[in-house]
1. ILE209 fails exactly one of the following numbered conditions: (1) under 16 Å from the mean Cα position of the chain (by Cα); (2) at pLDDT below 80. What is the number of that condition?
2. Inside the range 60-76, can you point out the residues that are modelled with pLDDT under 75 and at negative phi?
3. What tally of residues in the range 147-167 results from selecting those that are part of a helix (DSSP H, G or I), at pLDDT below 90 and open to solvent by 50 Å² or more (accessible area, probe 1.4 Å)?
4. Between a first residue in the range 174-196 that is under 19 Å from HIS136 (Cβ atoms) and a second residue that is part of a loop (DSSP other than H, G, I, E, B), which pairs have beta carbons less than 7 Å apart while being 6 or more apart in sequence or on different chains?
5. Within the range 119-141, can one find any residue that is assigned to a helix (DSSP H, G or I), at pLDDT 85 or above, among the polar types (S, T, N, Q) and buried (at least 22 other Cβ atoms within 10 Å of the Cβ)?
Amino acid sequence: PPLTRTPCPSAMCSVTESTKSLSARTCWLRLTGILRAHLAVNALWVRDDQTMRGFDEPHHVVSACHAMNMVRAHGVSGLWETARGRRAGQWPSTGYVPWVLPGLIFGSSLDALRLFNLGYMAVLLLSLFSMGRRLHSPGAGVLAAALCSVYPAIFGASRHFNQDLPYVAVVAMCMALLLASRRLSRSVLSAALGLGVGFAVVVRPHPAILLA
């Protein structure tokens, strides 16, 4: 017998239509609203946080401060050597490079470094939005970003200075670039994908397995 399409429930259909009808301006307002909410909540949490630190967070803070000191002492060459890991003495070190500029401007305290995670959160949410928009609709992209932003592991990682959130963000960015490149047929996005994969691998080696 011929296959027939099962009609979706009215509630599900209304959600689908509402996500498709969202305008670009509405989507960006909601994405920036999610980021502002995360910044406000994390700022309040960082201000009142008195929990004990494990080994990972102080280790990453020392590495990030070392990268900043390398830039202060050697300028651009110090940044390059830190990215390559030759002078940092610890691998990987490239993941700390994005924190160098805001750290030099706003200071390298633990509270400031943890709030800088909002940059990686923005990369993650924009990547999810891009994938959802290309696979379904702009509203689906906003919904994916919103659900991911309140996922306990992501929400908790955004409050700590470590490699977990950068790792997730760069993998999502690579997946979004891979989807946007249309099977590597768009040269600029394909080149950006190559740079993103390279950066992801030097942050942690695991993305090479996940993106294979």
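1. (1)
2. The first filter runs over the range 60-76 and keeps only residues modelled with pLDDT under 75, leaving 75-76.
VAL76, the sole residue that qualifies.
3. Of the residues in that region, 4 qualify.
4. none
5. yes
The values are calculated or read from the model by the stated rules, or taken from the named source; none is laboratory data. Predicted, not measured: the structure shown is a model, and the values here were computed from it. All Cβ positions, glycine included, derive from the backbone under ideal geometry; neighbour counts span all protein chains shown. For accessibility, only protein heavy atoms count, side chains too; no ligands or nucleic acids. Shrake-Rupley method; radii C 1.70, N 1.55, O 1.52, S 1.80 Å.
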